[in-house]
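> This structure is in structure tokens; I'll ask about it shortly.
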Amino acid sequence: MLAGINMKPEFHHHTALITGASSGIGAAVAHALAARGASLVLVARRAMELKRVEREIRSSASESTAEIHCIPADVTAAMDRQRIRDFLEQKQLPLHILINNAGITSHARFDETQSDVLRRTMEINFFAAVELTAQMLPLLKKSARPTGGRKSIVLVSTPSGLYGIPGRFAYSASKAAGHVWMEAMRQELKADQIQCNIICPGYTRTALRQSGLDGQGNTIQEEQAKEAKSPHYMAVQIINGIIKNKRLLLTDTNGRFVYWLRTLAPGLLERIMAKKLAKDLRGSVE
Ligand SMILES: NC(=O)c1ccc[n+]([C@@H]2O[C@H](COP(=O)([O-])OP(=O)(O)OC[C@H]3O[C@@H](n4cnc5c(N)ncnc54)[C@H](OP(=O)(O)O)[C@@H]3O)[C@@H](O)[C@H]2O)c1
């Protein structure tokens, strides 16, 4: 059982589609939603890892999920997004919660970043989320809201999407674009009673720092941040953000600090960020 999760099945009769469910935060959210009674559609490229997540959920006595479906797919590929939609329609599955979580980071200065790296980062973190949502929106709209339940589109973002982080402009830009998309969509979907929740987890112990890109497109190998929390902890925050219908949820002090400082004291924030960049360039990240 996951610490901190209230075991009441708040997501009974809900179907949730989670991208990037093969590891890290996405896999933890799958466990947490299963523990609360949701049926799951799990999406990521690595079929075996998806199956492992499915097995782990099924073997956990406390996590009784109505149904689990795994769809190996690359969310940046239009054909794969269509295949996900076709799968749900053929199985006549409803859709209540769409969690756009699949993502990569990229760490490099602007003047040292190849344009292909920026495009790949935007493709996964922004365009894939937007275009998968466009595919799924008709299904979300027509699925009846479970009694006492909710319909939600979630963007798993980052505090780096609140401000241009030096040495990480591509990651910041890809998530910031997602924020304004979600803000516009939230207002447009009010009449459909579909909530739009932007959730910005703080540092989390996942593979993100071994799957991201440097400026040349090579995979980065960075250590975890010292203050990184567990994916399970973050999953609980995300679930609570959905239940409380948070417009923007910042899970840690760093995020809240950036959020307020960028408006109240932007000069001070720039000085802090300049120190961080200098430290990163010396090779000691965070
Ligand atoms: N870790 C942190 O400190 C942190 C902090 C704030 C926000 N976040 C956000 O949390 C989200 C999840 O990241 P994580 O930290 O859990 O890292 P992770 O363990 O590396 O998870 C990334 C997931 O995205 C999937 N993915 C990547 N590219 C994909 C593609 N083209 N198509 C389908 N799936 C794809 C990966 O699965 P496959 O490789 O199997 O496709 C994997 O399941 C990201 O959006 C990240 O920006 C993380």
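> Among all residue pairs at least 6 apart or on different chains, which show Cβ distances below 6 Å where the first residue, located in region 82-104, is over 30 Å from Tyr171 (Cβ atoms) and the second is of a type in the set (Ser, Thr, Tyr) and more than 16 Å from the ligand (Cβ to nearest atom)?
Leu93/Thr15; Pro94/Thr15; Pro94/Ser143
> Further question on the same structure: Can you list residue pairs whose Cβ atoms sit under 8 Å apart, with the first residue in region 252-277 being touching a residue at least 24 places away in the same chain (Cβ under 8 Å) and the second being among the aromatic types (Phe, Trp, Tyr)? Count only pairs 6 or more apart in sequence or on different chains.
Asp252/Tyr203; Asn254/Tyr203; Val258/Tyr163; Arg262/Tyr163; Leu269/Tyr163; Met273/Tyr163
> Please go through region 109-136 and give me each residue that is closer than 22 Å to Cys200 by Cα and either assigned to a loop (DSSP other than H, G, I, E, B) or touching a helix residue (DSSP H, G or I) at 6+ places or on another chain (Cβ under 7 Å) (or both), ordered by number.
Of everything in region 109-136, those that are closer than 22 Å to Cys200 by Cα and either assigned to a loop (DSSP other than H, G, I, E, B) or touching a helix residue (DSSP H, G or I) at 6+ places or on another chain (Cβ under 7 Å) (or both) turn out to be Leu118, Thr121, Met122, Asn125, Phe126, Ala129, Val130, Glu131, Leu132.
> For region 63-84, which residues satisfy the criterion of being more than 26 Å from Gln221 (Cβ to Cβ) and open to solvent by 50 Å² or more (accessible area, probe 1.4 Å)?
Hits for region 63-84 are Ser64, Ala66, Glu67, Ala78, Met79, Gln82, Arg83.
> Let me ask something else. Test Leu98 against the criterion of being out of contact with any helix residue (DSSP H, G or I) (no Cβ under 7 Å at 6 or more places or on another chain) and outside any helix (DSSP H, G or I), and give yes or no.
When the stated conditions are applied, Leu98 does not pass them.
> Take the residues of region 197-213 that are closer than 16 Å to His107 by Cα and touching a strand residue (DSSP E or B) at 6+ places or on another chain (Cβ under 6 Å): which is farthest from the ligand (Cβ to nearest atom)?
Within region 197-213, the match that is farthest from the ligand (Cβ to nearest atom) is Leu213.
The values are calculated or read from the model by the stated rules, or taken from the named source; none is laboratory data. It should be emphasised that the depicted structure is a prediction, and the values quoted were computed from it without experimental measurement. Cβ: placed from backbone, ideal geometry, glycine included. Neighbour counts: every protein chain shown. Heavy atoms of the whole protein, side chains included, go into the accessibility calculation; ligands, DNA and RNA do not. Shrake-Rupley method; radii C 1.70, N 1.55, O 1.52, S 1.80 Å.
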